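The block underneath contains the structure these notes are about, expressed in structure tokens.
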Amino acid sequence: MIQQTDTDIPAQPEPANGARLFVLPEPLVFRSGAVLDHAQLAYETFGTLSPARDNAVLICHALTGDSHAANHTTDSAGTGADRPGWWDEYVGLGKPVDTDRFFVICSNILGSCYGSTGPASVNPATGRSYGLDFPVVTISDMVAAQHALVSHLGIPRLRAVLGGSLGGMQVLEWAARYPHMVEAAVPIATTTRHSAQAIAFNEVARQSVISDPNWKHGDYYGGAAPDLGLAVARMIGHITYLSDESMHVKFGRNLQDRERLSFNFETDFQVESYLHHQGRKFVQRFDANCFLYVTKAADYFDMELDNPQGYAAQAFARTHTRFLVVSFTSDWLYPTYQSRELVAHLQGAGAEVSFCEITEKWGHDAFLLPNERFSDILGGFLRHV
């Protein structure tokens, strides 16, 4: 385990249970030009690294995830004392990302609040949390930090890089920026650039945080946090993670703990109660400024803008990476047409690419839920990596 011992390194938020800490040995130069010393990543590993260091797989988490992709239980039944991971369905012994075969790495993204350096971390120049003094972070910056971690682990080449949603953007950045290090890439329910609709939802959510009187231009640490604004932001996000059909199946127009309408502004419907519950849960586990930063990173991601030729296919020129692109029919945050555009870009670059659109009613979050077809497709692809 890598433990931080240098007392000159600023204190950081506690990592997720079981996470290790890695401090970048060199200052990190952000895409904006800002420089950050002692940037830190919290990460977890699953499985055993082979003597040749040639069986590593990197999993990239979504917007508010963490490094705990799976529990660390070693029995095949998947039971044990460790808390559940966010991708237990697909990572573990005998699962599609088989930890009996692969050495799996998952790190908390830069800018988040689960042990990696972000706006909630202490700025050594002031002794206080960075707040808005933290540099605006991009997907490129997140991947640069992950690259330093993978290099630190002595891994010259990754067997695969996988991730959904914001994690899928990191997968694409890895494949474009470090093609010599990525044997296979699996971008899931993601896009090469945010649509105006996706940016709009994120901006409404950010304004909900910024409008909270407790936000105080990001300088709320040590006092009341902008919980109300962050909760509403999460409620907005959750609407985009579901689908019309999934909401109908889950809630319909069912009333919550009542037999008739209230004719006031109390909670009448189950869907209202569900969103309030999600908002309350979120403020207990996530930092409001971190939410602003990671949503901005998603909005800034644009493989066409980032490529000097202005064409996403050029980003993958000369790639030898094999791709599996996966989308879900009911995902209206990153609809299938965006995955088809990605496939066209990859084919234009001459890449070897497989594409699968999975019929599913659960919306954008489908990639996090049990799905036999997705499991078979992912496992089948990785067995040939």
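The values are calculated or read from the model by the stated rules, or taken from the named source; none is laboratory data. Worth saying up front: this structure is predicted, and the values here are computed from it rather than measured. Here the Cβ positions follow ideal geometry from the backbone for every residue, glycine too, while neighbour counts run over all protein chains shown. Ligands, DNA and RNA are excluded from the accessible area calculation, which covers all protein heavy atoms including side chains. Shrake-Rupley method; radii C 1.70, N 1.55, O 1.52, S 1.80 Å.
Assorted remarks:
- Relative contact order computed over region 198-295 (Cα-Cα under 8 Å; 6+ residues apart), in percent: 30 percent
- Over the chain, relative contact order from alpha-carbon pairs under 8 Å, at least 6 apart, %: 17 percent
- Charge context of Thr321, other residues only, Cβ under 14 angstrom, K/R +1, D/E -1: +2
- Per-peptide packing, taken as the mean over residues of other Cβ atoms within 10 Å, places 146-153, 237-244 in the sequence 237-244, 146-153 from highest down.
- Extension gain for Glu272-Gln284 works out to 2.4 nm (0.36 nm per residue, less the C-alpha to C-alpha distance).
- Cross-link partners of Lys250 among lysines (Cα-Cα below 23 Å; sequence separation of 8 or more within a chain): Lys281, Lys361
- Net charge of neighbours whose Cβ lies under 14 Å from the Cβ of Asp219, counting Lys and Arg as +1 and Asp and Glu as -1: -1
- Student exercise, the chain dipole from Lys, Arg, Asp, Glu Cβ charges, in Debye to nearest 20: 280 debye
- In this structure, Asp37 and Thr329 have a Cβ-Cβ separation that, at R0 = 45 Å, corresponds to a calculated FRET efficiency of about 0.45.
- Report summary: the helix-based calculation at 222 nm, which adds -39500 (n - 2.57) for every DSSP H run with n ≥ 4 and divides by the residues of the chain, gives -9500 deg cm²/dmol.
- Mean separation of Cα contacts under 8 Å, 6 or more apart, over the residue count of region 78-172: relative contact order %: 13 percent
- FRET efficiency for the pair Leu261 and Ile199, taken as 1/(1 + (r/R0)^6) with r the Cβ-Cβ distance and R0 = 41 Å, rounds to 0.70.
- Label separation (Asp133 vs Ala52): 4.9 nm, computed from points 7 Å beyond Cα along the C-beta direction.
- Cα gyration tensor, the chain - rounded (a/c under 1.5), prolate or oblate: rounded
- Highest to lowest packing among 21-33, 85-97, 251-263, scored as the average C-beta count within 10 Å: 85-97, 21-33, 251-263
- 1.4 Å probe accessible area per residue over region 198-295, in Å²: 55 Å²
- Among beta bridges identified by DSSP and lying wholly in the chain, the antiparallel ones come to about 35 percent.
- When cysteine pairs in the chain are screened for C-beta atoms closer than 4.7 angstrom, the residues that find no partner are Cys60, Cys106, Cys356.
- Each Lys or Arg adds one and each Asp or Glu subtracts one; over the other residues with Cβ under 15 Å from the Cβ of Arg253, this totals -3.
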